[in-house]
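All remarks here apply to the structure that follows.
The values are calculated or read from the model by the stated rules, or taken from the named source; none is laboratory data. Note that the coordinates shown come from a computational prediction; the quantities given were computed from them, not determined experimentally. Glycine also receives a Cβ, built like all others from the backbone with ideal geometry; neighbour counts cover every protein chain displayed. Accessible surface is based on the protein model in full, side chains and every heavy atom, while ligands, DNA and RNA are left aside. Shrake-Rupley method; radii C 1.70, N 1.55, O 1.52, S 1.80 Å.
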Amino acid sequence: MDLTLFDLDGTLIPQDSDHAFGGYMVEIGWADGAAWAARNDGFYADYQRGDLDLDEYVEFATSVWRARPLAEAEAARAEFMARIVAPMLRDNARALVQRHLDAGDLVVVVTATNEFVTAPIAKAFGVDHLIAVQLERDATGSFTGRVQGTPSFQAGKIVRVNEWLAAQGRRWEDFERVHFYSDSMNDLPLLERVSHPVATNPTSALEALARERGWPILKLFE
């Protein structure tokens, strides 16, 4: 069995789901229009530069929905999936994931976006295993706006994969090959950790590095 890891945003879907969910919050009137959207854009620019303050971003991004009744937030998420995410689910990306599933690989989505936004997206790809930013809850079960544990961001993705493998009773060495598909230099630590990195819809910086190192380059959205 191989282990196959997929980043999500920019890799399996052509947009950033966290940023898009923020835009949807503005669209439905839960967030404060232009000012909130501008700050959301600012955080996304920070991410693209590789210097995002993830704790600050999670507190900001969840602020517009976490105080609402969970059923209401989940209903908004379902509508977001139907209206915004569904058109992003491209046949060739689905086929790539399905090829690894059909081969019997252990397939995991590993994303720096929080679990609330990404859980239904991973399921839409037929992937049962998700490693995402975990959101802390208080004694009542309400989201606090803080990250629980190590965020699956940059080198934290390796930590979280290690934790996940241990919980499965597995080790890296149990797999003949470990694939990782990603578009972003933020994922360089995990790309360097696996045996089979694939620069997927890469940024210009990652594409240049992939060519230098002889990594495969895959472009799904051209």
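So what's the net charge close to VAL127: Lys and Arg +1, Asp and Glu -1, counting the other residues with Cβ under 11 Å from its Cβ? Present the calculation step by step, with values, prior to reporting the outcome.
Numbers: positive: ARG94, LYS123; negative: ASP105, ASP128.
Net local charge, VAL127 excluded: 0.
Keeping all protein chains in place, calculate the accessible area per residue for the chain (probe 1.4 angstrom), answer in Å². Please report the intermediate quantities before stating the final value.
Details: 10130 Å² over 222 residues.
It amounts to 46 Å² per residue over the chain.
Using every pair of separate Cα atoms, the Kirkwood estimate puts the hydrodynamic radius of the chain at 17.9 angstrom.
Atom-type composition of the exposed protein surface of the chain places 48 percent of the accessible area on carbon and sulfur (1.4 angstrom probe).
Here each label is just a point 7 Å from Cα along the line to Cβ, and for GLU79 and ALA167 those points are 3.1 nm apart.
If each DSSP helix of 4+ residues adds -39,500 (n - 2.57) and the sum is divided by the residues in the chain, what number results at 222 nm, nearest 500 deg cm²/dmol?
On the way: 9 runs with 98 residues, N = 222.
Taken over the chain, the calculation gives -13500 deg cm²/dmol.
Peptides 166-179, 121-134, 62-75 ranked from most to least packed, by the mean per-residue count of other Cβ atoms within 10 Å: 121-134, 62-75, 166-179.
The mean of 1/r over all pairs of different alpha-carbon atoms in region 106-159, once inverted, gives a Kirkwood hydrodynamic radius of 11.7 Å.
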